[in-house]
Structure formats: C-alpha cells, structure tokens
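**Student:** Got a structure for you, questions after.
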Amino acid sequence: DTGVSQDPRHKITKRGQNVTFRCDPISEHNRLYWYRQTLGQGPEFLTYFQNEAQLEKSRLLSDRFSAERPKGSFSTLEIQRTEQGDSAMYLCASSLDSYSNQPQHFGDGTRLSIL
Amino acid sequence: GQNIDQPTEMTATEGAIVQINCTYQTSGFNGLFWYQQHAGEAPTFLSYNVLDGLEEKGRFSSFLSRSKGYSYLLLKELQMKDSASYLCAVKGGGATNKLIFGTGTLLAVQP
C-alpha cells in the first residue's frame with residue numbers, strides 16, 4: 001500500500017525564483033488537497049481538487065500560486081517569484097470521494113527554504 | 001470566524017494517561033479529526049468524531065461534545081514513541097472539504 005508521495009522533499013532557492021512541487025496521491029483517491037505548514041503551527045488549507053477540477057481555493061493562495069491536476073491523478077503546485085514568506089512545509093493529502101468520515105492521508109511534504 | 005484552540009505543550013510520564021483538549025468555533029461542523037505528527041513527518045490519522053460521545057481505538061480514545069464545541073484525545077499506557085504533536089482538525093459545514101487545524105499540542109513523554 002503506497003501512501004501519498006511528494007517530490008522533492010526539500011527545495012532551497014533564491015528569492016524571486018519559481019518552484020514547482022509534485023504530489024502523487026493514493027491511487028484510488030480522487031480528492032487531493034494542498035496545505036502549507038509553518039513551524040509550530042497546524043497545516044493551513046490552500047486548495048482542493050476533485051478529480052481534475054479545482055473546486056476550492058483559500059484566500060491564502062495569491063496569484064503567484066497555481067495548482068493543477070491535469071488528468072485527475074498527480075498534482076503540481078507552482079509558486080512564481082518566491083518571497084521569504086513562502087518558506088514553509090507544503091503538504092499534499094488525498095482522500096476517497098465518499099462520506100465526511102473519510103480521513104485525508106498526508107504525504108511527508110516538501111520543505112521550501114527561500115534564501 | 002473560525003477558531004480552534006489546543007494547549008501548546010504537555011508533558012506526561014511513560015505508562016500514564018494524558019488527555020489533550022480541543023475547543024472549536026467554526027461556521028458549520030461536519031466532523032472532527034485527530035492527527036499525530038512526529039517532527040519532520042506527515043500527519044497521520046488517529047480518529048474521527050461526528051456524533052457526541054466517545055470513540056475508542058486501542059490505546060487512543062476521542063470524545064466529542066458538539067453543543068460545547070469541545071473534544072479531547074485520550075492516550076493510555078503512554079510510550080516514549082507517543083512523543084509527537086497532536087493536531088485537532090474540524091471539517092466545516094456546507095460543501096467545503098477543507099480541514100481547519102489547530103496549532104497542535106506538542107506532547108513530551110518522559111521516562
């Protein structure tokens with residue numbers, strides 16, 4: 001049973017650069033979520049896909065952020081013109097498209113550090 | 001507004017019982033989840049409550065009172081490996097599927 005996979009695990013980049021992260025959900029899960037977590041805080045919701053449709057976006061998701069899930073399988077999160085405040089752990093989660101009690105299963109995250 | 005409160009840190013002794021409280025104020029309610037997160041790792045699902053009462057799963061139990069906006073996670077027979085952050089998360093009402101997380105409670109289990 002493979003869990004949610006995220007790549008890369010760590011990304012260090014200079015301010016102003018663009019970065020892209022990838023998430024591969026659990027294979028039978030058609031719901032996919034992106035969260036951001038900073039040290040000492042709980043995850044904050046960024047966006048959510050059901051299959052390939054992006055159904056919900058947080059106000060945290062500025063126009064520098066874009067997420068896609070082109071074939072309803074893996075997803076990418078791109079951050080353009082990175083800023084110091086973007087430094088965080090970016091978590092991906094997936095769940096079954098079913099009732100509310102289906103838990104979201106998280107990947108190990110991508111840790112982004114902006115120099 | 002949406003607000004979830006948990007204690008920041010707790011300390012307990014190996015073999016003992018610890019209760020981690022969570023209070024919430026959210027616009028709508030479709031269930032409450034507890035997750036465990038070790039440093040540098042993914043949050044892992046522990047329990048789910050949507051109706052009032054106690055849900056038991058091995059050494060872990062979770063309680064919910066919707067009228068009070070209150071939940072707790074009970075950990076019995078504490079082990080050193082239980083040292084981790086425990087996250088309380090609420091799924092809001094309506095069509096949303098997002099989880100709203102508290103800041104987490106960092107539990108240190110001492111010998």
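The values are calculated or read from the model by the stated rules, or taken from the named source; none is laboratory data. Quick caveat, the model's predicted, so the values are computed rather than measured. So basically every Cβ, Gly included, is an ideal-geometry build from the backbone, and we count neighbours across all protein chains shown. Only protein heavy atoms, including side chains, enter the accessible area calculation; ligands, DNA and RNA are left aside. Shrake-Rupley method; radii C 1.70, N 1.55, O 1.52, S 1.80 Å.
**Student:** Can you tell me which lysines have their Cα less than 22 Å from the Cα of B:Lys91? Leave out same-chain residues fewer than eight positions away.
**Tutor:** Partners found: A:Lys57, B:Lys57, B:Lys68.
**Student:** A further question on this structure: Using a Gaussian network model of chain A whose springs link C-alpha atoms within less than 10 Å, name the residue from A:Asp24, A:Asp86, A:Asp63 with the highest mean-square fluctuation.
**Tutor:** It is A:Asp63.
**Student:** Please find, in a Gaussian network model of chain B (springs between Cα atoms separated by less than 10 Å), the residue of B:Thr96, B:Thr23, B:Thr44 whose mean-square fluctuation is greatest.
**Tutor:** B:Thr96
**Student:** Determine the per residue accessible area of chain A with all protein chains present and a 1.4 angstrom probe, expressed in square angstrom.
**Tutor:** Values: 6000 Å² over 115 residues.
On a per-residue basis, 52 Å².
**Student:** Note down the relative contact order for chain B as a percent, whole number, built from C-alpha pairs under 8 angstrom at least six residues apart. Present the calculation step by step, with values, prior to reporting the outcome.
**Tutor:** Details: 285 pairs, mean separation 40.5, N = 111.
Result for chain B is 37 percent.
**Student:** Further question: Between chains A and B, what is the buried accessible area summed over both chains (1.4 Å probe, protein heavy atoms, nearest 100 Å²)?
**Tutor:** Details: alone 6810 and 5960 Å², together 11150 Å².
Interface area, both chains combined: 1600 Å², rounded to the nearest 100.
**Student:** Taking only Cα atoms and a 10 Å spring cutoff, compute GNM fluctuations for chain B and point out the largest among B:Glu41, B:Glu56, B:Glu14.
**Tutor:** Comparing B:Glu41, B:Glu56, B:Glu14 in the GNM, the peak value goes to B:Glu41.
**Student:** Just read off the accessible area of A:Arg111 with the full protein assembly in place, 1.4 Å probe, to the nearest 10 Å².
**Tutor:** So the heavy atoms of A:Arg111 present about 100 Å² to solvent.
**Student:** Tally Lys and Arg at +1 and Asp and Glu at -1 over the other residues with C-beta under 10 Å from the C-beta of A:Phe74: what net charge comes out? Walk me through the numbers before you get to the answer.
**Tutor:** Values: positive: A:Arg22, A:Arg69, A:Lys71; negative: A:Asp7, A:Asp24, A:Glu68.
Around A:Phe74, the charge tally is 0.
**Student:** Sticking with this one: Excluding ligands and nucleic acids, what accessible area in Å² is computed for A:Arg9 using a 1.4 Å probe, to the nearest 10?
**Tutor:** 100 Å²
**Student:** Could you put A:Leu96, B:Leu73 in order of accessible surface area, largest first, with the 1.4 Å probe and the full protein assembly present? Provide the component values of the computation, followed by the final result.
**Tutor:** Values: A:Leu96 65, B:Leu73 0 Å².
Putting A:Leu96, B:Leu73 in descending order of accessible area: A:Leu96, B:Leu73.
**Student:** Further question on the same structure: Report, as an integer, the average count of C-beta atoms from other chains found within 10 Å of each Cβ along A:103-112.
**Tutor:** Numbers: counts 12, 9, 4, 7, 2, 4, 4, 0, 1, 0.
Counting Cβ atoms of other protein chains within 10 Å of each residue's Cβ and averaging gives 4.
**Student:** Considering only C-alpha atoms, what is the centroid distance from segment B:58-107 to segment B:12-51, in Å?
**Tutor:** If we compute the Cα centre of each part, the gap is 2 Å.
**Student:** I've got another one for you. Only sites in a loop by DSSP and with at most 16 other Cβ atoms within 10 Å count here; which chymotrypsin sites (Phe, Trp or Tyr not before Pro) in segment A:7-115 make the cut? Walk me through the numbers before you get to the answer.
**Tutor:** Working: sites: A:Phe21, A:Tyr33, A:Trp34, A:Tyr35, A:Phe45, A:Tyr48, A:Phe49, A:Phe65, A:Phe74, A:Tyr90, A:Tyr99, A:Phe106; in loops: A:Phe74, A:Tyr99.
Passing both the DSSP loop test and the Cβ count: A:Phe74, A:Tyr99.
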